[in-house]
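Input: a single structure, listed below in structure tokens.
Bear in mind these aren't lab numbers, they're just calculated from the coordinates by the rules spelled out. Bear in mind the structure is a predicted one, so any value in this text is a computation, not a measurement. Note that we place each Cβ from the backbone using ideal geometry, even for glycine, and neighbour counts take in every protein chain shown.
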Amino acid sequence: MSAHTPHQLHDEFPHDAEALHRLKLGDAHFCNLAGRYHAVNRAIHRIEAHVEPCSDSHQERLKKQRLSLLDEIAAMLEKAEEGAVHA
């Protein structure tokens with residue numbers, strides 16, 4: 001397994017590092033979402049790296065869950081950026 005897990009939040013949102021950091025520190029809901037995203041993403045990576053066996057259907061559910069979390073995180077980042085622009 002590689003040392004780098006693909007699809008980390010900083011990879012998915014390379015231009016939003018400051019907003020990611022600010023939200024992780026100041027928004028408990030965002031911090032929870034980021035933690036859940038990280039856990040699901042690591043599980044997918046371990047499956048894809050053949051470290052852990054998994055059925056195709058379970059892997060697909062995990063990928064859909066990761067995408068859903070990513071959508072929610074993206075919406076929160078967008079809202080945070082809009083707030084920063086108007087502040």
**OP:** Report the relative contact order of the chain, percent, no decimals, based on alpha-carbon pairs under 8 angstrom and at least 6 residues apart.
**Re:** 33
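All other residues with a Cβ under 13 Å from the Cβ of H38 taken together, and with Lys, Arg as +1 and Asp, Glu as -1, what is their net charge?
On the way: positive: K24, R36, R42, R46, R66; negative: D11, E12.
Here the charged neighbours net out to +3.
Which whole-number percent of Cα pairs in the chain have a distance greater than 20 Å? Write out the running numbers ahead of the final one.
Working: 1393 of 3741 pairs.
When all Cα pairs of the chain are counted, 37 percent exceed 20 Å.
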Original post:
Taking +1 at the Cβ of each Lys and Arg and -1 at the Cβ of each Asp and Glu, which of A75, S57, H29 sits farthest along the dipole of the chain towards its positive end, judged by Cα position relative to the Cα centre?
Top reply: S57
**OP:** Please give, to one decimal in nm, the separation of the simple spin-label points placed at H58 and H10, each 7 Å out from Cα toward the Cβ.
**Re:** 3.1
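Give me the dipole magnitude in Debye, nearest 20, for region 19-86 about the Cα centre, with unit charges on the beta carbon: positive for Lys and Arg, negative for Asp and Glu. Write out the running numbers ahead of the final one.
Numbers: 10 positive and 10 negative charges, 45 e Å.
The calculation lands at about 220 debye.
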**OP:** Give the angle, between 0 and 90 degrees and rounded to the nearest 10, that separates the Cα long axis of helix 28-48 from the longest principal axis of the Cα atoms of the chain.
**Re:** 30
Original post:
Which of the peptides 30-42, 70-82 is most tightly packed, and how do the rest follow, going by the mean number of other Cβ atoms within 10 Å of each residue?
Top reply: 30-42, 70-82
